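Some notes on the structure that comes next.
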Amino acid sequence: MDASAHQLVGGLLDGVRDAPGLIGRGSVWATLTGLLDPAVPTGALLLTGPAGIGKTSLVERFTAGAAELGHPVLHATGDGQDRPYALLRALLGSTAPDGLPEAQSRALRSALTHGEPADLLALRLSVCSAVGALAGDRPVALIVDDVDRADAASFDLLLTLASVLSWGQLPVVALFACRTERVPVELAELIAPVVVPPLTELESQRLLDLLPTAPAGSARLEVLRRAAGNPLALHEYAAGSDTPAGVSEVFARRVRGLPAGTLRALTLAAAGERDLAALPGTPLRDWQPAEDAGLIRITDATVHFRHPLVEYAVLRTAGPQAARAAHRTLAGAATDPLRRLRHRAAAADSPDPELAGALVDAARQLDGAGVVTAVTLLEHAHDLVTPDRRSEVLLEAAERAAAVGRVRWAGELLDRAAAGYDRAAEPALDIRMTALSAWTRTMRGWVHEAAELLAGRISPRSSANHLVGTAGLPVFLLGDGPLHAAVRAATAATPLLPINLFSLAAVRPDERVREAVLAQPGATPGDPQDLVRAAGAGAAAVLIDEPEHATTLLAPAVQAVSEGRAAGVFLTAPGAAGWALVDAGRWVEAERWMVPLLSSPVAAEATLVRFGTDVQLAVVAYGRGREGAARELLARTDRWTGVPLFVLRTAWARGVAALARGDHEQARHDLATAVAVPHDARVLALPDLVAAELAAGRPAPVAAVAELRSWYDGRWLPARRRLRLAAAEALLAGDPAGVADALGPLVAAPQARRWPFERAVLAVELAARQRRAQQPRPARDTLLDALDTFERLGAAAWAARVKAELRIGTPEADPLGGLSAQQEQIVRLAAAGLSNREIGERLFLSPRTIGSHLYRIFPQLGVRNRTQLGELLAGPGRKPPGHRDG
């Protein structure tokens, strides 16, 4: 670290040293500059504290320090205006950077130059790409002061950046600061807060000593007492003749002393318009007294309030009637229809159904990036409709927010809507409200809350298809429980509608459901509703063990999410497809579909998608024998541990990995954990548990097998579950020859080849019994067949075990074994000939990030270029990692 970095980052003692150019703040400054440590590639903090406490001063020092250390800096300040993308323009300028894909560039140009609706999902992608592309040797420093005063459209993009950043997928360090203590809830969930404390008494004394107007004697003591360590209060009290009760009163006194024309002009500006050209009847002479009083400054024909407390003082002094009059004036002068509507709404002082209707109609005409504006218009309409319609309007707003992936915002709107309607009197509204609320909770990872909500609404007497369809994913994730029972009871006579197929496959699968799922065709191109239908049927195909049909039906929805073209209900498609691919042994394809979700802005707020992806990638890593990589993936969050399906799948995968390396005691423990999970899928781990118990010299788990056989008695079982249960029973057959006779046909069954990894692991057990039964040739043939599968899948640990048993040479090292799932995907795409930019577009990463990964990976793999990378990955006969041409 160079000398300047040491000066900024190192050696700060809490509470002892001052921040640069400030009195005190050593502790907070040490926390902030921790973001600039070269060892920290990404991170974010949120400064908060009372108005005037000094947050902006810290932000300014941090900005200068970041620039001094060589970070590319993007810095902007929210100004309270509601013009769409005003803050985005302040960050990025008025033109889109070069090098973006055309759809992203078009969306960003539209937002920056016109603030007009564009494709919101493409815009989110473009902003993440544009910001990430600026990173060089150091990450971008993204700094937003007064973030709570950003326009709604820009704030939507900041949330996306913060979400992606929170998962470490963007080369950015970010500092956000709120003007007051009112922290935006959605941002606070993503970023660690840093509260700026008051100055100590000694620090306050030192600050007063620097002020030329500071009082002395008893007046000084009174200033110190009333200011209570607030720097703005110290400045203002020191400049005044007395010390009012609060710093806001200092500004209020100045406002009350202004001429009437000046107060009117300030009231218009405080109502949301800062451009002098948009403020009618405000000659420059009206602004001069406010500038002289230190309340505003005017630059580039734009009014800037010194502090939000000035705006508050203006509106409080003018009074509510004057504020509404200001909005009416601005509505009359506005040329933009939407701004005119917003000012009309702010001017209303009582319900106005006609105006509310106009707001709703305007919102329904907005799409693309205009959805953010549409939701805010609907929120305005909520305040103006009659009480009996308020919940309906908020629900529509929540549905629009959810459709573009603003899951947290949708949840907040739904909570407000739920408080204002009578469920019994409005059953149709209640169904929509419950379904969306359950979906938002599920997407945020609150699966148990979603299940509790749905279980309380679903009953045989009122089994709304919409609720039953929504319940499918929570039931799949949670397995047995109240929701499973409620859905099973409610669907006793449910028709085989596409919306219900996933739930029916989860709670009462049978041949009728299977035939209905297999009869579902692929999606019609360009038809969103048909895409939803096909995706739901594809998820059902996963549950009835039809992986090929599942991936065919799910592929269009997964592609739409992977390319950043779809959010909302489509966000669950990659997870369903992931399990189909993982279980079918299509691991490379599964990673190709799943890895982009790790950094996709489209799935930024869908927490379930994030940690579900980590679980699926971990299962693949365990299968390949990369147990360290699997543990790293699972350590990124512990929220998956509350989801029974994820617990079952990770314990099963971990147990099978332990079997591969011969750790039978660990395998017993993990596999017993998997089989104990009260979920229909637990039978999948049962034969591996039997094998582990017998290999450890323990008694066969006859009771566990009998329990599951009894539990499944009388139920229709899909092919895979039938095979696994039969395999567990076959392993209990007694003598080795009997086991071989019972297990052999199961391993050889054509159906078993649909799940190649499970079949190969079972084949290793079959070969062991064949050897003990004095059948050496069949045992060898069985092992060779299993080895072929393990090598094709890249299951290195199992391949090593089989080669050792066959005594056919030293196992070849896994060349990619030390890479993360994301790094491996980068390597595979690079080996296929894609450029850094093309790889970045697929994985939602900047070309610089791709280049940085490859720069580190090439020496690790012993290659110098993409050609050698392709040779390394070519399979049998590839050159060793250390090979050098010539």
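Does the range 6-22 contain any residue that is in contact with a Leu (Cβ under 6 Å, 6 or more places away or on another chain) and modelled with pLDDT of 90 or more? There is no residue in the range 6-22 that is in contact with a Leu (Cβ under 6 Å, 6 or more places away or on another chain) and modelled with pLDDT of 90 or more.
Of all residues in the range 502-546, those being under 17 Å from Ala681 (Cβ atoms) and not in a helix (DSSP H, G or I) number 5. Looking only at residues of the range 305-317 that are open to solvent by 30 Å² or more (accessible area, probe 1.4 Å) and farther than 16 Å from Asp148 by Cβ, we find that the one that is modelled with the lowest pLDDT is Arg306. Inspect the range 695-708 for any residue being buried (at least 17 other Cβ atoms within 10 Å of the Cβ), over 21 Å from Ala653 (Cα atoms) and touching a helix residue (DSSP H, G or I) at 6+ places or on another chain (Cβ under 9 Å) and give the result as yes or no. No; the residues of the range 695-708 include none that is buried (at least 17 other Cβ atoms within 10 Å of the Cβ), over 21 Å from Ala653 (Cα atoms) and touching a helix residue (DSSP H, G or I) at 6+ places or on another chain (Cβ under 9 Å).
Considering the conditions (1) within 19 Å of the chain's Cα centre (by Cα); (2) in a helix (DSSP H, G or I); (3) not charged (D, E, K, R), Gly564 is excluded by exactly one of them, (2).
Selection of the range 254-277 for residues being open to solvent by less than 10 Å² (accessible area, probe 1.4 Å) and farther than 21 Å from Ala150 by Cα yields Val255, Thr262, Ala265.
For the range 561-575, a residue qualifies if it is aliphatic (A, V, I, L, M) and under 18 Å from Gly472 (Cα atoms), and the qualifying residues are Val569, Leu571, Ala573. Taking the criterion of being part of a loop (DSSP other than H, G, I, E, B) and of a type outside the set (A, V, I, L, M), the residues of the range 26-49 that qualify are Asp37, Pro38, Pro41, Thr42, Gly49.
The one condition from (1) surrounded by fewer than 20 Cβ atoms within 10 Å (Cβ to Cβ); (2) among the hydroxyl-bearing types (Ser, Thr, Tyr); (3) assigned to a helix (DSSP H, G or I) that Thr335 does not meet is (3).
Screening the range 540-559 for residues that are open to solvent by less than 10 Å² (accessible area, probe 1.4 Å) and among the hydrophobic types (A, V, I, L, M, F, W, C) and picking the one that is farthest from the chain's Cα centre (by Cα) gives Ile544. For the range 245-254, the count of residues that are without any contact (Cβ under 8 Å) to a residue 24 or more places away in the chain, over 42 Å from the mean Cα position of the chain (by Cα) and outside any helix (DSSP H, G or I) is at least one.
Out of the residues in the range 624-658 meeting the condition of being at negative phi and not in a helix (DSSP H, G or I), tell me which one is surrounded by the fewest Cβ atoms within 10 Å (Cβ to Cβ). That would be Asp638.
Quick grid of which residues meet (1) in contact (Cβ under 8 Å) with a residue 40 or more places away in the chain; (2) aliphatic (A, V, I, L, M):
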position: Val517; (1), (2): no, yes
position: Ala523; (1), (2): no, yes
position: Gln529; (1), (2): no, no
position: Ala590; (1), (2): no, yes
position: Trp593; (1), (2): no, no
position: Ser599; (1), (2): yes, no
position: Val615; (1), (2): no, yes
position: Gly623; (1), (2): yes, no
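Residues that are open to solvent by 10 Å² or more (accessible area, probe 1.4 Å) and outside any helix (DSSP H, G or I) were ranked within the range 384-405; the one that is nearest to Pro184 (Cα to Cα) is Val404.
Ser562 meets all of the listed conditions (1) open to solvent by less than 10 Å² (accessible area, probe 1.4 Å); (2) touching a Ser or Thr at 6+ places or on another chain (Cβ under 9 Å); (3) not basic (Lys, Arg) but one, namely (1).
Once the range 360-416 is narrowed to residues that are among the hydroxyl-bearing types (Ser, Thr, Tyr) and under 25 Å from the mean Cα position of the chain (by Cα), the residue that is modelled with the highest pLDDT is Thr376.
The values are calculated or read from the model by the stated rules, or taken from the named source; none is laboratory data. Here the structure is a predicted model, which is why all the values come from computation and not from measurement. Reconstructed Cβ throughout: ideal geometry from the backbone, glycine too, with neighbour counts over all protein chains shown. Quick note on the areas: whole protein, heavy atoms, side chains included, nothing else; ligands and nucleic acids left out. Shrake-Rupley method; radii C 1.70, N 1.55, O 1.52, S 1.80 Å.
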